[in-house]
Amino acid sequence: MSKLLEVKNLTVNFNTAEGIVRAVRGVDFEVDKNQVLGIVGESGCGKSVTARAVLNVLASNSEIMNGEVIYHKNNEKIDLLKLDKDGKEIRKIRGKEISMIFQEPMTSFSPVHTVGNQIMEAILLHTGLDKKEARQRAISILEEVGIPEAQSRIDDYPYQLSGGMRQRAMIAMALSCEPSLLLADEPTTALDVTIQAQILDLMRDMKEEFGMSIIIITHDIGVIAEIADQVAVMYLGRVVEEASVDDIFYDPKHPYTRALLKSIPKITKKDQKEKLLSIEGTVPDAYNIPSGCTFHNRCEEYMAGRCDKIQPELIEISPSHKVACLLYEKEGD
Ligand code: SF4
């Protein structure tokens with residue numbers, strides 16, 4: 001498969017009144033064409049900041065300290081972080097070639113414009129279609145994402161749609177210009193499980209139909225199982241394990257990944273009697289990052305004198321599996 005996006009050594013800080021938060025600390029990953037990369041981890045591990053940094057749409061108190069985001073466009077390689085973040089070039093890529101959907105569509109849609117007008121605005125901005133053609137395209141994409149009576153619902157305001165319908169409409173807006181990459185930040189978190197399953201099915205269908213890649217950000221490893229091909233597990237601003245979805249679920253290496261997997265509820269009769277496990281402790285304070293391996297205060301395999309002193313690097317343990325844990329590094333490495 002050919003590469004679509006490479007993120008290298010991405011490092012993002014936030015300047016706050018309480019001090020500097022090192023939100024993303026040297027993250028590397030790649031996404032191939034027509035691949036779904038799932039980025040998973042608990043709240044506060046830097047997943048969303050990583051996604052926003054790809055498009056350089058971070059909060060004003062943040063600063064990208066280091067890194068490259070290489071977008072492979074035809075035969076060209078463009079470092080998105082080198083483009084003026086408000087300039088013409090990045091604006092041509094945002095929304096057209098790389099689009100983003102968020103957890104809460106009400107924050108993405110303007111409440112004072114109809115859903116149709118907002119989808120049409122994206123189409124008019126990025127394609128050569130006229131108003132009538134853009135409306136027709138908006139209707140057909142709303143139909144494709146499963147909005148019933150799209151001919152009339154196109155003139156609804158966001159508040160007139162249910163939560164699931166709003167999420168579908170937001171996906172329609174993101175797909176309206178047939179992007180190469182969709183960044184989906186917790187797209188199903190606010191939805192009930194039935195609608196969540198429908199939205200994941202829809203994203204999978206759209207990926208096949210448009211041949212696009214997806215980066216899905218979630219705290220829910222069950223969502224990853226449903227949709228991802230490749231998985232990056234993040235903890236406190238770093239990728240701690242990266243592998244195919246099968247390796248993550250059937251041969252997890254990092255103690256944090258194993259703990260995340262144990263916290264998934266099971267539905268077999270035997271498991272119904274077992275207590276649901278949660279990961280001991282909480283993610284440490286990002287103002288005060290622990291020394292050594294940042295997971296050491298919660299890890300069941302903690303090795304005193306090593307894990308609290310040495311920060312493990314992300315190393316390749318097989319051609320398709322990387323892990324950052326001292327269990328896989330020889331002493332003295
Ligand atoms: Fe646990 Fe040590 Fe591995 Fe960190 S380096 S995950 S503390 S065993």
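The values are calculated or read from the model by the stated rules, or taken from the named source; none is laboratory data. On a predicted model such as this, the values are computed, not experimentally measured, just so you know. Positions of Cβ are generated from backbone atoms using ideal geometry, with glycine treated the same way; all protein chains shown enter the neighbour counts.
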Leading residue by the ranking (surrounded by the fewest Cβ atoms within 10 Å (Cβ to Cβ)) among those in region 233-260 that are of a type in the set (A, V, I, L, M), over 15 Å from I317 (Cα atoms) and not assigned by TED's automatic domain parsing to the domain that holds Y302: V245
Take the residues in region 242-268 that are at pLDDT below 95 and touching a Ser or Thr at 6+ places or on another chain (Cβ under 9 Å); name whichever of them is nearest to the ligand (Cβ to nearest atom). A259
So I214 ticks every box in (1) under 16 Å from the mean Cα position of the chain (by Cα); (2) within 16 Å of the ligand (Cβ to nearest atom); (3) farther than 17 Å from R25 by Cβ but one. Which box is left unticked? (2)
Residue under evaluation H113, criteria (1) farther than 27 Å from G46 by Cα; (2) in a helix (DSSP H, G or I); (3) touching a Pro at 6+ places or on another chain (Cβ under 9 Å), criterion not met: (2)
Looking at region 284-311, I want the residues that are over 12 Å from L326 (Cα atoms) and have a partner that is of a type in the set (S, T, N, Q) and more than 10 Å from the ligand (Cβ to nearest atom) with Cβ atoms under 9 Å, at least 6 apart or on another chain. Which pairs are those? Y287/T16; R298/T282
For region 293-328, which residues satisfy the criterion of being more than 10 Å from the ligand (Cβ to nearest atom), within 28 Å of the chain's Cα centre (by Cα) and either surrounded by fewer than 21 Cβ atoms within 10 Å (Cβ to Cβ) or modelled with pLDDT under 95 (or both)? E313, L314, I315, E316, I317, S318, P319, S320, H321
Quick check on V145: is it closer than 19 Å to P187 by Cβ and of a type in the set (V, I, T)? yes
Failed criterion for D271 (all others in (1) more than 12 Å from the ligand (Cβ to nearest atom); (2) modelled with pLDDT of 90 or more hold): (2)
Residues in region 154-169 that are of a type in the set (A, V, I, L, M) and either closer than 16 Å to I215 by Cα or surrounded by fewer than 21 Cβ atoms within 10 Å (Cβ to Cβ) (or both) total 1
Is at least one residue of region 278-288 at pLDDT 75 or above and within 11 Å of the ligand (Cβ to nearest atom)? no
